[in-house]
């Protein structure tokens, strides 16, 4: 048997498997370990005996046996083993574990963990990605990812984090951490910070899948719908964002006929419930682009207002920079340049400010200054595709 069926089952079911094991054992690290052991065993067993009739149940039962073996080896935990042995059969209860998966997300994004650990642990335990896949997605060595996951599990154990949904008063705050991690994963997939690819569609797709899972688990949370809408509407433009050779295509040059209309419909449907949170406001901005037939026909005035609202809800230099770009489109480059010049120190070392300044200076008819800014931006940019665009623009100004 080829590994593809097993990979598909694992990608779909891994979160529920790990969540169920964590609830039964009360040990998050053990649950993740025995689930991985079951996966390794399936690679051999399914090749030899064929795919079982209930693949997810097979993985869960195998992992449960491994957990029992682990408890047997721990003489001081015989009581836990006895309790575990009295649990009902796994296959009888497997169908309804929404709360378990939600609890798993909250644990993977627990405040005691560092941001990079949250991302790695979420992709591993909730997304079902291997360490190799996570390392490839973020262009870091496999041992680095493995170390992050190991440290995260040790931190969770040391902090005494229980496998349960947090109390109602903590849930909203902790949900923000979950959304933040999913947003980071999608953002890295949407525009890679390093490497030779502008868009990492596989990573972005995983973020969308996990956000859909979360939206199904907490359908009454408007900001979850807002993040899902933002991801769908942004991903809809992926087919037009790169050319045949992977080169970056700017928004004004994109063939909007290539935009994924099904993704736009899904995004607009998710945005049907209004939200004034940061993800909902960003989704509303993305919707302005999705509805416009061209850059010239885009409602830039509305986008400026939305960025002003976003700046009040979630202030950041990036939001102000994006607002300046919208101001340039709505009111001209001179007004925008005044705003950008105030952001230099806040975004020192980033290629974004000189990139925008270069564009504005070009529109203002100051080619020498624009070229210098674009060359500075290219020197700071770590993504090869973006750097190529910046250098091409700079060269055109000679």
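Choose one answer from 309, 293, 370: the residue with the largest mean-square fluctuation in a GNM of the chain with alpha-carbon springs under 10 Å.
Ranking 309, 293, 370 by mean-square fluctuation puts 293 first.
Using packing as a proxy for protection, rank 314-323, 372-381 so that the peptide with the highest average count of other Cβ atoms within 10 Å comes first.
Working: 314-323: 17.1, 372-381: 20.1.
Those peptides, ordered most packed to least, come out 372-381, 314-323.
What order do you get for 133, 345, 359 when you list them from fewest to most C-beta neighbours inside 10 Å?
Details: 133 19, 345 8, 359 22.
Fewest to most other Cβ atoms nearby, the residues stand as 345, 133, 359.
Between residue 253 and residue 291, how high is the FRET efficiency from 1/(1 + (r/R0)^6) when r is the Cβ-Cβ distance and R₀ = 25 Å? Nearest 0.05.
Numbers: r = 19 Å, r/R0 = 0.76.
The value I calculate is 0.85.
Looking only at 247, 13, 173, which one moves most when the chain is put into a Gaussian network model with springs between Cα atoms under 10 Å?
Answer for the Gaussian network model of the chain: 173.
If each residue of separation counts as 0.36 nm, what is the full-extension length gain between residue 217 and residue 170 once their alpha-carbon separation is subtracted?
Numbers: separation 47, 0.36 × 47 = 16.92 nm, distance 1.70 nm.
Gain on extension, residue 217 to residue 170, equals 15.2 nm.
By counting other Cβ atoms within 10 Å of each Cβ, how are 389, 313, 145, 44 ranked from fewest to most? Present the calculation step by step, with values, prior to reporting the outcome.
Working: 389 20, 313 13, 145 25, 44 9.
Ranked by crowding around the Cβ, least crowded first: 44, 313, 389, 145.
Which FRET efficiency value, to the nearest 0.05, is calculated for residue 272 and residue 130 with the Förster distance at 56 angstrom and r the Cβ-Cβ distance? Present the calculation step by step, with values, prior to reporting the outcome.
Values: r = 36 Å, r/R0 = 0.65.
So the FRET efficiency works out to roughly 0.95.
Under 8 Å for C-alpha pairs, at least 6 residues apart: give me the relative contact order for the chain, rounded to a whole percent. Walk me through the intermediate numbers first.
Details: 543 pairs, mean separation 42.2, N = 398.
For the chain, the relative contact order is 11 percent.
When only C-alpha pairs under 8 Å and at least 6 residues apart count, what is the relative contact order of segment 98-225, in percent? Display every interim value, and only then the final one.
Numbers: 138 pairs, mean separation 34.0, N = 128.
Computed value for segment 98-225: 27 percent relative contact order.
Just check the chain against the gyration tensor rule for me: Cα atoms, a ≥ b ≥ c as the square roots of the eigenvalues, rounded for a/c under 1.5, and otherwise prolate or oblate depending on whether a/b exceeds b/c. Don't jump to the answer; show the numbers that get you there.
Values: a/c = 2.26, a/b = 2.08, b/c = 1.09.
Prolate shape, in that a/c is at least 1.5 and a/b is the bigger ratio.
Roughly what angle does helix 98-108 make with the longest principal axis of the chain, taking Cα atoms, 0 to 90 degrees, to the nearest 10?
70
What is the Å³ per residue value for the convex hull set by the Cα atoms of segment 97-218?
Working: hull volume 11.3 nm³, N = 122.
Spread over its residues, the Cα hull of segment 97-218 gives 93 Å³ apiece.
For segment 151-243, what class follows from the C-alpha gyration tensor (a ≥ b ≥ c being the square roots of its eigenvalues): rounded when a/c is under 1.5, otherwise prolate if a/b is larger than b/c, else oblate? Intermediate results must be reported in sequence, preceding the final value.
Working: a/c = 3.27, a/b = 1.60, b/c = 2.05.
Oblate, since a/c reaches 1.5 and b/c is not below a/b.
How high is the relative contact order of segment 297-398, in percent, counting Cα pairs under 8 Å that sit 6 or more residues apart?
Value for segment 297-398: 19 percent.
At a 10 Å Cβ-Cβ cut-off, how would you order 350, 190, fewest neighbours first? Kindly include the intermediate steps, with their values, before the conclusion.
Working: 350 17, 190 21.
Sorted ascending by nearby Cβ count, the order is 350, 190.
State whether segment 297-398 is rounded, prolate or oblate according to the following rule on the C-alpha gyration tensor (a ≥ b ≥ c being the square roots of its eigenvalues): a/c under 1.5 gives rounded; otherwise a/b larger than b/c gives prolate, and the remaining case gives oblate. Numbers along the way, then the final one.
Numbers: a/c = 1.97, a/b = 1.46, b/c = 1.34.
Prolate shape, in that a/c is at least 1.5 and a/b is the bigger ratio.
Per DSSP H run of at least 4 residues, take -39500 (n - 2.57); add these up for the chain, divide by its residues and hand me the 222 nm value, nearest 500 deg cm²/dmol. Could the numbers behind the result be given before it?
Values: 21 runs with 276 residues, N = 398.
Calculated from helices alone, the mean residue ellipticity at 222 nm is -22000 deg cm²/dmol.
Here, each number is a calculation from the coordinates, and none is a lab measurement. All values derive from a computational prediction rather than experimental measurement. Cβ sites come from the backbone with ideal geometry, for glycine too, and all protein chains shown count toward neighbours.
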